[in-house]
Amino acid sequence: MANGSGEPQGLLRLTAPATFGRVVILPVLNRFLASWPKLRAEVSLTDRVNDIIDDGYDLAIRIGEPREHGSLIARTLTRQQDVVVASPGYLSTRPPPLHPDDLTDHACLSYLSAGQHRGWRFAIDGRTASIRPRARLSLDGGEALRDAAISGAGLAYLPSYVVDDDVANDRLRTVLSAYAAPPVPICALYPSRRHLASKVRRFIDLVAAEL
């Protein structure tokens with residue numbers, strides 16, 4: 001009971017998707033550790049889905065509807081909006097796509113995870129469709145895709161939190177916004193709500209507040 005309500009301490013083990021973890025979770029975790037000097041952390045930033053219980057994690061961050069065992073507790077922290085972006089230089093070389101079907105006429109940059117190309121989700125005719133454009137270049141990291149798009153390599157499909165600053169500074173421009181699919185949830189998963197350790201509960205609360 002004291003561990004659940006007192007000062008966060010000991011070891012916090014968590015796993016999160018690679019890009020979201022580096023861009024969003026690590027800055028929050030750094031502030032969290034600075035606030036609680038008795039706390040340590042081990043973090044796995046990977047797009048591989050680790051088994052929370054078997055691998056001994058206190059907490060996992062998942063993007064999309066969680067599919068783990070029903071005994072896990074899921075709390076939605078925020079939602080991820082994906083966008084299609086390209087550099088002004090690239091868009092000056094050919095007309096921008098006006099419909100997802102136009103992607104066949106463009107160089108597309110694909111996110112590759114565990115040998116699978118991530119689908120690009122669009123809202124078309126009242127339904128959500130996932131398509132996989134033929135990739136001119138495939139990369140296994142969101143930030144690498146962003147850098148390739150900025151360099152003019154083609155169109156990239158990325159979470160808005162990865163490219164917001166680049167769009168604001170006109171390094172990238174969004175296209176196909178009229179066909180943006182509904183955002184997907186980003187959830188915190190943990191083994192049990194009962195006797196939840198203070199380190200886990202407070203960190204989840206902080207991430208939720210930040211987002």
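The values are calculated or read from the model by the stated rules, or taken from the named source; none is laboratory data. This one's a predicted model, so the numbers in the text were calculated from it and none came from an experiment. Here the Cβ positions follow ideal geometry from the backbone for every residue, glycine too, while neighbour counts run over all protein chains shown.
Odds and ends about this structure:
- Within region 152-182, the set of residues being assigned to a loop (DSSP other than H, G, I, E, B), more than 19 Å from Thr19 (Cα to Cα) and touching a residue at least 12 places away in the same chain (Cβ under 8 Å) comprises Gly152, Ala153, Gly154, Asp170, Arg171, Leu176, Ala181, Pro182.
- Among residues of region 18-56 being among the charged types (D, E, K, R) and within 16 Å of the chain's Cα centre (by Cα), the one that is modelled with the highest pLDDT is Arg22.
- For region 65-72, the criterion of being in contact (Cβ under 8 Å) with a residue 12 or more places away in the chain, touching a strand residue (DSSP E or B) at 6+ places or on another chain (Cβ under 6 Å) and assigned by TED's automatic domain parsing to the domain that holds Arg132 is met by no residue.
- Within region 154-190, tally of residues that are closer than 14 Å to Asp58 by Cβ and either surrounded by fewer than 18 Cβ atoms within 10 Å (Cβ to Cβ) or in the same structural domain as Tyr90 (by TED's automatic domain parsing) (or both): 0
- Residues satisfying the stated conditions in region 124-138, i.e. among the basic types (Lys, Arg) and either without any contact (Cβ under 8 Å) to a residue 12 or more places away in the chain or not assigned by TED's automatic domain parsing to the domain that holds Gly154 (or both): Arg127
- Residue in region 38-51 that is more than 30 Å from Glu7 (Cβ to Cβ) and touching a helix residue (DSSP H, G or I) at 6+ places or on another chain (Cβ under 8 Å) present: yes
- Residues that are modelled with pLDDT under 95 and over 30 Å from Ala148 (Cα atoms) do occur in region 76-88, at least one of them.
- In region 202-209 there is no residue that is buried (at least 18 other Cβ atoms within 10 Å of the Cβ) and under 23 Å from Arg136 (Cα atoms).
- Total residues in region 4-47, condition in contact (Cβ under 8 Å) with a residue 12 or more places away in the chain and in contact with a strand residue (DSSP E or B) (Cβ under 8 Å, 6 or more places away or on another chain): 29
- Residue that is out of contact with any Phe, Trp or Tyr (no Cβ under 7 Å at 6 or more places or on another chain), of a type outside the set (Gly, Ala, Ser) and not assigned by TED's automatic domain parsing to the domain that holds Asp170, where the choices are Leu59, Leu14, Leu91, Leu26: Leu26
- Residue in region 96-104 that is surrounded by 16 or more Cβ atoms within 10 Å (Cβ to Cβ), of a type outside the set (Gly, Ala, Ser), part of a strand (DSSP E or B) and modelled with pLDDT of 95 or more present: no
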